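The values are calculated or read from the model by the stated rules, or taken from the named source; none is laboratory data. Since this is a predicted model, take the numbers as computed values, not measurements. Methodologically, a virtual Cβ is constructed for each residue, glycine included, from the backbone with ideal geometry; neighbour enumeration extends over all protein chains shown. Areas reflect the complete protein model, heavy atoms only, side chains present, ligands, DNA and RNA absent. Shrake-Rupley method; radii C 1.70, N 1.55, O 1.52, S 1.80 Å.
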Amino acid sequence: MSRHPAATPSQSMAPKSRPTIRRRRYERVAARRAELDEEEKLLVERLEKVRAEREDLAAAMRVWERMRAQLEAEQAATQAVPAQVGGRGVLLVRHREAGIAEDALPPDYQQTMKIVREAGGPVRVKDVGTALGLEVEVKSRLEPLRGKLTKLSGRGWLRKLPDGRFQRMP
């Protein structure tokens, strides 16, 4: 005879024992905690990537700000310095704008523009110097003229070509 009596139908229909219910609840909690631990790990990795990218962007912004400040300083240094006429600042060589003719330029610049215009195409500094009657064999005599041509180019009156020649802007 067995030590345990046979289960009665009422016992087999009885609810599961409390230790089994507690064990299942514990397993569900443990499984959920493992899921959350894995999610936390992924979030930490993502946060590290985001912080690294933010640091890279901050560095890029600092470089950009430095470059912008440097460019502004260079532009300010190359701005035309106005002369004082009657207590007001005026540019000796104005920027070319719509409605401004060559007669707005100082006389020596007008003469230079006339030589370039009459050449009909790109001219070398030496050619303009010859037309002005300068000693073109002496290089130091051409440098002030080169400066004038470059200034006219910078103000939009002439175009400086890559080979160093100048031509009139259309």
Pairs needed: first member in the stretch 103-117, more than 16 Å from Gly147 (Cβ to Cβ) and hydrophobic (A, V, I, L, M, F, W, C); second member anywhere, open to solvent by 30 Å² or more (accessible area, probe 1.4 Å) and not in a helix (DSSP H, G or I); C-beta distance under 6 Å; at least 6 residues apart or different chains. Ala104/Arg94
Among the residues that make up the stretch 109-118, is at least one of them of a type outside the set (A, V, I, L, M, F, W, C), at pLDDT below 90 and assigned to a loop (DSSP other than H, G, I, E, B)? no
Select, from Pro19, Pro5, the only residue that is at pLDDT below 90, surrounded by fewer than 10 Cβ atoms within 10 Å (Cβ to Cβ) and not in a helix (DSSP H, G or I). Pro5
Which residue is modelled with the lowest pLDDT, if the candidates are limited to the stretch 128-143 and must be open to solvent by 60 Å² or more (accessible area, probe 1.4 Å) and part of a helix (DSSP H, G or I)? Lys139
The condition of being modelled with pLDDT of 85 or more and of a type in the set (Val, Ile, Thr) holds, among Val85, Val81, Val63, Val90, only for Val63
When you look at Leu161, is it surrounded by fewer than 18 Cβ atoms within 10 Å (Cβ to Cβ), out of contact with any Leu (no Cβ under 6 Å at 6 or more places or on another chain) and either touching a residue at least 24 places away in the same chain (Cβ under 8 Å) or on the phi > 0 side of the Ramachandran plot (or both), yes or no? yes
